[in-house]
Amino acid sequence: MLLLADQSLQEFLQVQGLHALLPHLYVTGNRPDPSSDSVSFGLASALVLLLCALLASLRLKRRERVANWSSCRARAWRLAVVLGFFVAWEASLQIWSAQNPFETYVADPVTFWAGRPMPSQLSVQRLAGLFDTDHSSARAAGRYRIMFLGDSQAISVQPHRYGGPRTYPKFLTALEYGGPDGEIVESVNAAISGYTSWQGLLLLRNLGLGYHPDLVVAAFGYHDSAQAMSADSQVMTDDPRIHRLRTLLFRSRVYLVIRKLALRRQSAAADRDPGSLKVPRVSVPEYEANLRAMAELGRRHGFRLAVLLEPFRDAHVGVATRKYREAARRVADQESLVVLDVFTPLAALGPAEREALFDDDIHLKAAGHRRVAHLVAEELAAAGVLRRDSSEEGHDSASP
């Protein structure tokens with residue numbers, strides 16, 4: 001555990017948001033929803049197996065007295081009972097998991113959780129932790145590939161559900177815009193609910209580069225600003241040694257159940273004492289550093305970086321994330337990045353207009369995704385990244 005945290009055990013347990021085994025995900029700050037069918041089954045199966053182990057231990061004690069076993073043999077049998085309990089528990093959880101493949105999120109050794117399609121999307125093969133499996137092959141000639149990194153705002157239409165083709169990264173490809181040299185635009189929606197810029201950077205390093213994007217759009221800030229007990233960077237790392245160790249442990253369903261119970265306890269403690277949430281998941285200086293690291297990856301691997309300023313329905317969310325938008329602009333000025341200011345035009349709308357675009361404070365309706373897609377396309381065209389293709393005017397007749 002200490003090696004996993006790369007800090008102290010207390011700090012490791014304090015970082016919430018490690019929500020493998022959840023049938024659904026909702027992140028508030030760094031805290032996961034405590035409900036879990038997998039954990040319930042794990043506890044029930046553990047209780048049954050524990051009773052079996054106790055009965056086996058009592059029988060062994062009787063045999064030990066009758067047969068007058070040596071102390072060494074008795075200890076060996078007790079150890080066998082203990083090991084048998086954990087082996088049987090692990091086997092039961094693995095079998096249950098194989099028969100109930102409906103978990104939206106799974107444990108990831110680098111970013112701590114990764115996406116899996118919703119039950120309605122199970123026909124789509126999960127690929128390396130992304131919901132969107134389009135364009136997973138090598139980029140073809142005449143294509144301009146855009147990868148979107150972000151949180152649930154970019155990936156969901158109804159709150160907490162994968163939106164697929166109704167998300168703004170996908171709407172963008174239906175608009176009458178082509179690449180800088182007239183290429184066909186294709187998008188990869190690599191957003192994951194609850195992600196911060198730190199997780200986005202880890203995902204880009206470990207997975208995103210394999211897609212060979214021409215442009216990467218980073219849409220972060222909301223979850224970066226959320227208050228937590230510890231910063232994400234204290235426990236999430238792509239250090240190869242820790243990655244290998246986590247990979248081994250994350251294969252164990254018993255380990256994941258025990259970890260989830262520990263996190264549930266910490267989450268309950270945070271609910272009782274909100275003052276324990278003392279630091280942002282990603283501080284403003286860390287946010288800037290993450291964007292600079294993405295820009296450096298772009299220079300080394302041949303893609304441009306754009307930063308998207310996330311829009312929100314309610315003003316108080318915009319106020320809470322203002323420092324992150326200012327930081328994104330600073331980095332963009334210094335690193336010559338493209339800024340996609342979606343926040344300002346939507347913030348200028350009236351309450352009724354914003355209500356028509358948002359499901360809640362941050363999640364967009366399909367109409368909101370379509371509006372954001374138009375704004376992104378216009379800003380990319382203004383920056384010379386995309387160009388309007390008059391021959392494709394029939395692609396999308398919806399007005400922005």
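Could you give the length gained by full extension between Ala382 and Ser336, i.e. 0.36 nm per residue of separation minus their alpha carbon distance, to one decimal place?
Between Ala382 and Ser336, full extension yields 15.1 nm more.
By the count of neighbouring beta-carbon atoms within 10 Å, fewest first, Phe41, Phe312 end up ordered Phe41, Phe312.
Taking 0.36 nm per residue of separation and subtracting the current Cα-Cα distance, fully stretching the chain between His243 and Val279 would add 10.5 nm. This ranking places Arg281, Arg62, Arg246 by how few other beta-carbon atoms lie within 10 Å of each, fewest first, which gives Arg62, Arg246, Arg281.
Working from label points 7 Å from Cα in the Cα-to-Cβ sense, the Trp77 to Asp361 distance is 6.0 nm.
Taking a ≥ b ≥ c as the square roots of the eigenvalues of the Cα gyration tensor, region 285-400 is classed as oblate, since a/c reaches at least 1.5 and a/b does not exceed b/c. Taking the three principal axes of the alpha carbon atoms in region 171-237, the coordinate ranges are 48, 23, 16 Å, sorted in descending order. Under 5 Å from the amide H of Asp389 lie the amide H atoms of Tyr177, Gly178, each residue being 5 or more positions distant or on a separate chain, with H modelled from the backbone and absent for Pro and chain starts. Residues Thr321, Thr237, Thr344, Thr133, ranked from the fewest to the most other C-beta atoms within 10 Å, line up as Thr344, Thr133, Thr237, Thr321.
Radius of gyration over Kirkwood radius for region 301-367, both on Cα atoms: the Rg/Rh ratio is 1.04. Would you please state the base-10 log of I(q)/I(0) at q = 0.14 1/Å for region 144-200, with intensities from the Debye formula using one equal scatterer on every alpha carbon? Relative scattering, expressed as log10 I(q)/I(0), comes to -0.40.
Each value in this text was obtained by applying a stated rule to the coordinates, not by laboratory testing. From a predicted model like this one, the values you see are computed outputs, not experimental measurements. Here Cβ is always computed from backbone atoms with ideal geometry, including for glycine, and neighbour counts include all displayed protein chains.
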